[in-house]
Amino acid sequence: MKDYDTASASAETVPVANSSDVVTARHVVRTLAQRTGLSLVHQTKLVTAASELGRNMLVYGGGGVVRTVTVTENGRTGIFVEFKDQGPGIRDIELALTDGWTSGNGMGLGLSGAKRLVDEFDIASGPEGTTVRIVKWGR
């Protein structure tokens, strides 16, 4: 995935340390998606993915930071969202992306479900933490 400039002046950053911060991050993503003109269906898919990834970041990574920015490429506009924590990392990313696999009490659809809801999905993980980057493009 292209490394979009989340440090740009238009980027919004939300620190996530508790469940109300996940709600705030979800609201920021929805507002940006509305401002960008994403359809209601694309807004819903993006916000659902962001909610799940934010919750995962809190539960499994101990919290972190969500950064979001409007991006433009090849005449289309979309929303880029990055979820970055400093947790213990995901030992087996391929397994974690398998439908039905869970390391907790969930249904095992979080990462794989979020991946299906967006147009671009990238995950990197190690002992220093996990970073998930997603993009949802307007049509």
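Every number in this text was worked out from the coordinates using simple rules, so none of it is lab data. Worth saying up front: this structure is predicted, and the values here are computed from it rather than measured. Cβ: placed from backbone, ideal geometry, glycine included. Neighbour counts: every protein chain shown.
Numbers at a glance
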| item | result |
| --- | --- |
| GNM top mover of I93, I123, I79 - the chain, alpha-carbon springs below 10 Å | I93 |
| Per-residue [θ]222 nm for the chain (sum of -39500 (n - 2.57) over DSSP H runs n ≥ 4, rounded to 500) | -12000 deg cm²/dmol |
| The range 12-137: relative contact order in percent, alpha carbon pairs under 8 Å with at least 6 residues between | 26 |
| Mean Cβ neighbour count within 10 Å, used as a protection proxy, ranking 59-71, 19-31 highest first | 59-71, 19-31 |
